[in-house]
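What follows is a set of notes on a single structure, which appears directly below.
All of the numbers you see were taken from the coordinates with simple rules; none came from a lab. As the structure is a computational prediction, the values presented were derived from the model and not from experiment. Here the Cβ is made from the backbone with ideal geometry for all residues, glycine too, and neighbour counts use every protein chain on show.
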Amino acid sequence: MRKFDTKVQELKYKVLRTVAEEAIAGRLTETLLDIPKMIIPGKTPTMRCCIYKERAILSERVRIAMGGDKKNPNVIQVIDIACDECPAAGYEVTSSCRGCLAHRCEAACRKGAIFFDNHSHVAHIDKSKCVECGMCSKVCPYSAIVVRTRPCQNACKPKAISIDPDNHALIDNSKCVSCGSCVYQCPFGAIMDKSFILNVIDMLKKSENGGPHVYAVVAPSISSQFSYAKLGQVVAGMKQMGFHTVVEAALGADMVALGESKELVEKGFLLSSCCPAFVDYAKKNFPEMAKHISGSLSPMGAIAKYIKSNDPSSKVVFIGPCTAKKVEVRKETVAPYVDEAMTFEELQALIDAYGIDLTSMENSPLDNASYYGRIFARCGGLSDAVAEALKEQNIEFALNGTACDGIEACKTALFKKSKNVPGADWNFIEGMACEGGCIGGPGCLTHGPKDRMQVDAYGREAMEKTIKDAVSLLK
Amino acid sequence: MKITVCIGSSCHLKGARQVVEQLQWLINKNSLKDKVELGGAFCMGKCQQGVCVTVDGEIHSVSPESVTSFFESEIEPKA
């Protein structure tokens, strides 16, 4: 059984899988326009007002599965016609207001925005005074005051989403960090990450015909995914798809832990560079802090660079939970090493499009990295690894780090540090745009409370117990 | 001379790290550093025979126990 958190993910999966199947069979150009009908064959609408709108939206989803809008440089894209134009009026008094005598709402409002109807005595909010603090809502004994905000805007911590004149969500690319939070949160699936699986299929086809090897670099958060099969079976399945081999990005993380710990001692203060959305956020919102961002490649970049130094003609595909990685691989500092990035959602779609039954596969081992490289997948792991790297190298350095869980926490830490607020005397800031770290990424198949434990358990299974031992292989 | 040790998952679990470390030690000890280039590769497609080591493209099966005899027969005389 495929397991998805939401029906939106399931629909996205169906589109990706169908596009992939057609591409693998080499008939995508002929069947392209039929895909919406292949996915919803009947004449009864399954999720929208009519079958025609459903299919029109599906056509847009197919376009995004094939790389999306070429004119838009962002990998996160709004499907206008799928946007439900959710109400976004902020705090509102509903018909549950009974016009009571207590008027707790009035007392709680520091802005004097609550006023009452002379006849029915029910409360109203003066929007010209309201600052959306929510105090009135908290104190109402009838829960009569509700907040109407769009899930996408709620999810978007860098505040990049506004509402266009047609009432659709609009992404401001100058603020967006491509974290993909809105993609996962929109209940109508109206915001999607562009998919480049066709590039991956093309690489695998060429490799099959004697072309360059295609290496899969997988993020350690894979340990909490694919609940229906063993990790070894997933690795075997990927090899059957045509990947030459599968390498842990966590080995790159081991390399980064060594590199960043040295850099930290040299510079005295450092922001981590592993999470591309955090790096982008820091650059866009705290430009004065940008010079402190570590110069290290991300773990993905570091291991891919090593792979290419040994097999220069090869192709490297990163597979992880992250949408921002799709932007990172297109940066000129990373593009020479990593050829494409895709998510676990997309991997699942590809595995099924290739007709691979993971549960019947033999186990293929995956063991390149140390415990510390593997725990980069969860918030705090990077800080632990840097502390360990300092210890292993016998470097005397009083590490005073803070691990930021989610963009809000990153914002707070960057703000405090930039203003030298007392207590913010950290010398290392680990920034993770997704809550929980990479295991909370939008490209994950599941986002469960057990994920963090699974990452730690996976870390402990690593044969190499120290960073130095794991990296000593790389000559 | 180019020596490549497979450091893919399967060979790693069979002791690729020990093989690399011993080869490095032997190369240094025999002052062959200028003549021998040691490198790594992820998977040579012969996982059953690991740890896989190629000497100028020719593939050999080596274990942490057999490194010394492998070095004496395949590397030292040819370098």
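For every helix of n ≥ 4 consecutive DSSP H residues, a contribution of -39,500 (n - 2.57) applies; sum these over chain B, divide by its total residues, and give [θ] at 222 nm rounded to the nearest 500 deg cm²/dmol. Don't skip to the end; give the middle numbers.
On the way: 3 runs with 23 residues, N = 79.
Roughly -7500 deg cm²/dmol at 222 nm, from the helical runs in chain B.
In µm²/s, what is D for chain A at 25 °C and 0.890 mPa s, where D = kT/(6 pi eta Rh) by Stokes-Einstein and Rh is the Kirkwood radius from Cα pairs? Each step should come with its number before you reach the end.
Working: Rh = 24.1 Å.
In µm²/s, the coefficient is 102.
Taking the Cα-to-Cβ direction at A:T466 and at A:S418 and moving 7 Å from each Cα, how far apart do the two end points lie in nm?
About 4.0 nm separates the two model spin labels.
Could you estimate the translational diffusion coefficient of segment A:90-148 from the Stokes-Einstein equation, with Rh from the Kirkwood formula over C-alpha pairs, at 10 °C and 1.306 mPa s, in whole µm²/s?
Details: Rh = 11.1 Å.
For these conditions, the coefficient is 143 µm²/s.
Quick check: the angle from helix A:197-208's long axis to the longest principal axis of chain A, C-alpha only, nearest 10 degrees?
10 degrees
Could you order peptides A:235-247, A:166-178 by the average number of other Cβ atoms within 10 Å of their residues, highest first?
On the way: A:235-247: 22.4, A:166-178: 17.6.
Highest-to-lowest ranking by the protection proxy: A:235-247, A:166-178.
Give me the extension gain from B:K35 to B:T68: residue separation times 0.36 nm, minus the current Cα-Cα distance, reported in nm with one decimal.
Working: separation 33, 0.36 × 33 = 11.88 nm, distance 1.79 nm.
Gain in length upon complete extension: 10.1 nm.
Take B:Q24 and A:A88, extend 7 Å from each Cα along the Cα→Cβ direction, and tell me the distance between the two endpoints in nm.
Distance between the two pseudo-spin positions: 5.6 nm.
With point charges of +1 on the Cβ of Lys and Arg and -1 on the Cβ of Asp and Glu, referenced to the Cα centre of the protein assembly as shown, which listed residue (A:M361, A:V247, A:F196) lies farthest in the positive direction of the dipole?
A:F196
So if we plug the beta-carbon distance of A:D202 and A:D69 into 1/(1 + (r/R0)^6) with R0 = 22 Å, what FRET efficiency do we get, rounded to 0.05?
Details: r = 20 Å, r/R0 = 0.91.
So the FRET efficiency works out to roughly 0.65.
A:N173 to A:D80: FRET efficiency via 1/(1 + (r/R0)^6), r the Cβ-Cβ distance, R0 25 Å, to the nearest 0.05?
Values: r = 16 Å, r/R0 = 0.64.
Calculated transfer efficiency: 0.95.
Rank these for me by crowding, A:C133, A:C379, going from fewest to most other beta carbons within 10 Å.
On the way: A:C133 14, A:C379 24.
Exposure proxy ranking, most exposed first: A:C133, A:C379.
If you take the square roots of the eigenvalues of the alpha-carbon gyration tensor of segment A:264-412 and sort them as a ≥ b ≥ c, do you get rounded (a/c under 1.5), prolate (a/b over b/c) or oblate? Walk me through the numbers on the way to the answer.
Details: a/c = 1.78, a/b = 1.55, b/c = 1.15.
It comes out prolate by the Cα gyration axes.
Taking the Cα centre of chain A as the origin, how large is its charge dipole in debye, to the nearest 20, when only Lys and Arg (+1) and Asp and Glu (-1) carry charge on their Cβ atoms? Please list the in-between numbers first.
Numbers: 58 positive and 55 negative charges, 178 e Å.
That gives a dipole near 860 debye.
Which ³J(HN,Hα) values in Hz, rounded to whole numbers, follow from the phi angles of segment A:428-434 under the Karplus curve 6.51 cos²θ - 1.76 cosθ + 1.60, where θ = phi - 60° and Gly and Pro get x?
So the Karplus estimates, Gly and Pro as x, are 8, 10, 8, x, 10, 5, 8 Hz.
Could you tell me the calculated FRET efficiency between A:F115 and A:N154, based on Cβ-Cβ distance and R0 = 22 angstrom, to the nearest 0.05?
Details: r = 27 Å, r/R0 = 1.24.
In this case the efficiency is close to 0.20.
What is the angle, in °, between the Cα long axis of helix A:299-310 and the longest principal axis of the Cα atoms in chain A? Nearest 10 is fine, range 0 to 90.
On a 0 to 90 degree scale, this one is about 20.
Starting at the first residue of segment A:221-232, write each ³J(HN,Hα) from the Karplus equation 6.51 cos²θ - 1.76 cosθ + 1.60 with θ = phi - 60°, in whole Hz, x for Gly and Pro.
The phi angles translate into 5, 4, 4, 9, 9, 6, 5, 8, 9, 7, 4, x Hz.
Sorted from fewest to most neighbouring beta carbons within 10 Å, what does the list A:H292, B:H60, A:H119 look like? It would help to have the intermediate numbers written out before the result.
Working: A:H292 19, B:H60 16, A:H119 7.
Sorted ascending by nearby Cβ count, the order is A:H119, B:H60, A:H292.
Counting each DSSP H run of 4 or more residues in chain A as -39500 (n - 2.57), what helix-only mean residue ellipticity at 222 nm follows after dividing by all residues, to the nearest 500 deg cm²/dmol?
That comes out to -11000 deg cm²/dmol.
Amide H neighbours of B:G40 under 5 Å, counting only residues 5+ apart in sequence or on other chains, H built in-plane at 1.01 Å?
A:K475, B:V5
Which whole-Hz couplings ³J(HN,Hα) result when phi for each residue of segment A:313-323 is put into the Karplus expression 6.51 cos²θ - 1.76 cosθ + 1.60, θ = phi - 60°, listed in order with x for Gly and Pro?
7, 6, 10, 10, 10, 8, 10, x, x, 10, 8
Would you please name the trypsin sites (Lys or Arg not before Pro) within chain B that are DSSP coil residues with at most 11 other C-beta atoms within 10 Å of their C-beta? Walk me through the numbers before you get to the answer.
Numbers: sites: B:K2, B:K14, B:R17, B:K29, B:K33, B:K35, B:K46, B:K78; in loops: B:K14, B:K33, B:K35, B:K46, B:K78.
Taking chain B and a limit of 11 other Cβ atoms within 10 Å, the loop trypsin sites (Lys or Arg not before Pro) found are B:K33, B:K78.
Using a/c under 1.5 as the rounded threshold, could you call chain B rounded, prolate or oblate? The axes a ≥ b ≥ c are square roots of the C-alpha gyration tensor eigenvalues, and prolate needs a/b larger than b/c, oblate otherwise. List each step's numbers first, then the result.
Numbers: a/c = 1.78, a/b = 1.58, b/c = 1.13.
Prolate.
What would the Debye equation give as log₁₀ I(q)/I(0) for segment A:1-66 at q = 0.22, 0.28 Å⁻¹, counting only Cα atoms as equal point scatterers?
So the normalised log intensities work out to -0.95, -1.28.
Count neighbours as other Cβ atoms within 10 Å of each site's Cβ, and list the trypsin sites (Lys or Arg not before Pro) in segment A:36-141 that are DSSP loop with at most 15 such neighbours. Walk me through the numbers on the way to the answer.
Details: sites: A:K37, A:K43, A:R48, A:K53, A:R55, A:R61, A:R63, A:K70, A:K71, A:R98, A:R104, A:R110, A:K111, A:K127, A:K129, A:K138; in loops: A:K43, A:R48, A:K70, A:K71, A:R98, A:R110, A:K111, A:K127, A:K129.
Within segment A:36-141, the qualifying trypsin sites (Lys or Arg not before Pro) (loop, at most 15 other Cβ atoms within 10 Å) are A:K43, A:K70, A:K71, A:R98, A:R110, A:K111, A:K127, A:K129.
For A:D425 and A:L32, compute 0.36 nm times the residue count separating them, minus their Cα-Cα distance, and round to one decimal in nm. Don't skip to the end; give the middle numbers.
Details: separation 393, 0.36 × 393 = 141.48 nm, distance 5.62 nm.
Between A:D425 and A:L32, full extension yields 135.9 nm more.
In nm, to one decimal, how far is the B:H60 label point from the A:A290 one, both placed 7 Å along Cα→Cβ?
Using points 7 Å along Cα→Cβ, the separation is 5.3 nm.
Helix B:16-29: angle to the longest alpha-carbon principal axis of chain B, degrees 0 to 90, nearest 10?
0 degrees
Among the lysines, select those whose C-alpha is under 18 Å from the C-alpha of A:K262, and discard any that sit fewer than 8 residues away in the same chain.
A:K291, A:K391, A:K468
Over chain A, what relative contact order in percent results from Cα pairs under 8 Å that are six or more residues apart?
Values: 890 pairs, mean separation 84.7, N = 475.
Across chain A, relative contact order equals 18 percent.
Find, among the GluC sites (Glu not before Pro) in segment A:395-449, those assigned to loop by DSSP (not H, G, I, E, B) with at most 10 other beta-carbon atoms within 10 angstrom. Display every interim value, and only then the final one.
On the way: sites: A:E396, A:E408, A:E430, A:E435; in loops: A:E396, A:E435.
Answer in residue order: A:E396.
Taking 0.36 nm per residue of sequence separation and subtracting the Cα-Cα distance, how much length would be gained by fully extending the chain between A:D5 and A:K450, in nm to one decimal? Could the numbers behind the result be given before it?
Values: separation 445, 0.36 × 445 = 160.20 nm, distance 1.41 nm.
That works out to 158.8 nm of additional length.
Using the structure shown, select from A:K284/A:K331; A:K308/A:K465; A:K283/A:K416; A:K305/A:K465; B:K29/B:K78; A:K194/A:K325 the pairs with a Cα to Cα distance greater than 19 angstrom.
Working: A:K284/A:K331 16 Å; A:K308/A:K465 26 Å; A:K283/A:K416 16 Å; A:K305/A:K465 23 Å; B:K29/B:K78 16 Å; A:K194/A:K325 12 Å.
Going by Cα-Cα distance, A:K308/A:K465; A:K305/A:K465 fall outside the 19 Å limit.
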